[in-house]
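Reading through the structure tokens given below for one structure.
Bear in mind these aren't lab numbers, they're just calculated from the coordinates by the rules spelled out. Predicted, not measured: the structure shown is a model, and the values here were computed from it. Every residue, glycine among them, receives a Cβ derived from its backbone with ideal geometry; neighbour counts consider all protein chains shown.
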Amino acid sequence: MLKLRKILLSDILYYVVLIFTLIILIPRLTIPKTSNYHSNSNYFQGKITDISYIDEKLTIKLKNKETIIASTYLKNKNFDLNLGDELLIKGNFKTPASNTTDYLFNYQTYLSHKNTFYLVEIISLKRISENKNLYYFIKQKLINHLEGDPYLHTFILGDKKFLRKDVKRSYQGNGISHLFAISGMHITLLSSLLEKILKRFKLSEESIFKIVTIILLLYLFLVGLAPSILRGVLFYIVFSLNKIYYFYIKPINLFILILSTSFLINPNYLYDIGFQYSYLISFSLITSSKYLSSEKYLISLFKVSLLSLITSLPITLYNFHELNFLSLIYNLFYVPLISLLIFPLALLTVIFKPITPIFNLLTTFLEKSSLLLNRISIGKFIFKRVSNYIYLLYLLLVIIYLIKRRKQILFIILTLLIIHYSLPFFDTSNYLKMLDQTCPIMIQRLNNIFQRNPLISIGI
């Protein structure tokens, strides 16, 4: 045990592990993946891994050697399909659409990172066999128990597809959408709750750790290996082992170990925005722990929100081109509301159905308040899309700031942010590029709007 502790205390070990992981990661990411099917294919057989019926559209994810997304429109929900069922689908295979304008969301690339290369318009389907897998049986039972409640699906299964689009946009616009992804915060709350319950049975610390770990691993596989949930579970396991067995491994080294493990499990996590946010913010909290402590909860929460805002700048600007500085204030209210009230209540609602009206009342208030606050434009800033090198510069500056903790670096980031925001004001071209050249109606509307102003031209 002493030799093991000595090895584990060596910083070099973790950097070697990280370098080794990156060496393996590069070819796994760069070698292009190809599909076993083509656009002339007509049939696909696989197991149902996900199924939804929203706005009369039935969408089924089927997995075999790869995954396809098959869909059709039904006026009535008159199908009897469950997770794990084996289906034979006949339909038209179509390649997912790529972005028609630079820098917009590329659905084709997004799906390819999830090993999905084709969308299928269902002509007919046939069930080959019913589910015999225990995992899918349990998950289907839980889904049925949730009865399509959008917030129970969000907080219990990490599935936000049932939330209304305008509501999801308001959460994103207010800078609080991170609270709706099952992450380290939710895993910490769940593990703390389980530990408090188990302590009442006077179990040893090691026994409690083992029981909680088993429950968290079962939960992890139940909701899928989402990167933010995986990070939370790995953090609990690794940090608990470090504490129970007195290894005294530095938190930053544990972070490197967890990061490397995640990449080895799935290299495509690198492309996941939730993964990027989760690990970069976790890195910032680990390196800044002594600066964040405060006897007052709100002050500590504000420090964490401010640090998270600064740290996530490169990811937010690159993907969304928008910042809402009022999110610092919003988080002071929504973080305790969701983490201390709504999320625990969601867990209880699954067990005790009679409290559903109370849960629904809180989530209704959550929606209404977010939609109202999203109307406030003060504090929202839109940034021009710039070269990828600028976003890398943001990232480099943020990492240097987190390591060196120099105010000068923070000043440079702020200066760069101001210059970045001011760029459109120095652009005198007044040139509007169409978002989608395939939409003649939108082109005509924009022409009608801007023809009154001869200084503005529309490029197609």
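Just a few scattered comments:
- Proximal aspartates and glutamates to K303, defined as alpha-carbon separation beneath 19 angstrom and excluding residues fewer than eight positions away on the same chain: E295
- Packing-based ranking, highest mean first, of 265-278, 136-149 given that Cβ atoms within 10 Å are counted: 265-278, 136-149
- Remark: the Cα gyration tensor places the range 210-267 in the oblate category, a/c being 1.5 or greater and a/b not exceeding b/c.
- For the range 187-307, alpha-carbon Rg relative to the globular expectation (2.2 N^0.38 Å, N residues): 1.13
- Treating r as the C-beta distance of L414 and E130 and R0 as 51 Å, the FRET efficiency rounds to 0.30.
- Rg followed by Dmax, in Å, when the range 88-242 is reduced to its Cα trace: 19.7, 61
- Relative contact order (%) - criterion: Cα under 8 Å, at least six apart; region: the chain: 13 percent
- Each peptide in 41-50, 15-24 receives the mean, over its residues, of other Cβ atoms within 10 Å, and ordering these scores from highest gives 41-50, 15-24.
- Mean-position separation - Cα centroids, the range 391-421 and the range 243-313, in angstrom: 18 Å
- Spin-label model distance (nm) - F162 vs L142, 7 Å beyond Cα toward Cβ: 1.3 nm
- Residues of the range 119-163 with amide N under 15 Å of a point placed 7 Å along Cα→Cβ from L88: 123-130
- Our estimate of slack between I265 and I286, defined as 0.36 nm per intervening residue step minus the Cα-Cα distance, is 5.3 nm.
- In units of the rule-of-thumb radius 2.2 N^0.38 Å, the chain shows an alpha carbon radius of gyration of 1.08.
- As a calculated quantity, the FRET efficiency between L18 and F426 at R0 = 51 Å, using C-beta atoms, amounts to about 0.80.
- Potential extension, I123-D55 segment - 0.36 nm per residue separation minus Cα distance: 22.6 nm
- Listed by chain and number, the aspartates and glutamates placed with their C-alpha closer than 18 angstrom to that of K77 are D50, D55, E56, D85, E121, E147, D149; residues fewer than eight positions away on the same chain are left out.
- Take the Cβ atoms of S98 and N40, set R0 to 25 Å, and the FRET efficiency comes out at 0.80.
- For the chain, the mean residue ellipticity at 222 nm estimated from helices alone is -17500 deg cm²/dmol, where every DSSP H run of n ≥ 4 contributes -39500 (n - 2.57) and the total is divided by all residues, rounded to the nearest 500.
- Peptides 190-197, 256-263, 417-424, 366-373 ordered by average Cβ neighbours within 10 Å, highest first: 256-263, 366-373, 190-197, 417-424
- Hypothetical label at I211: residues of the range 182-203 whose amide nitrogen lies under 12 Å (7 Å Cα-Cβ projection): 194-203
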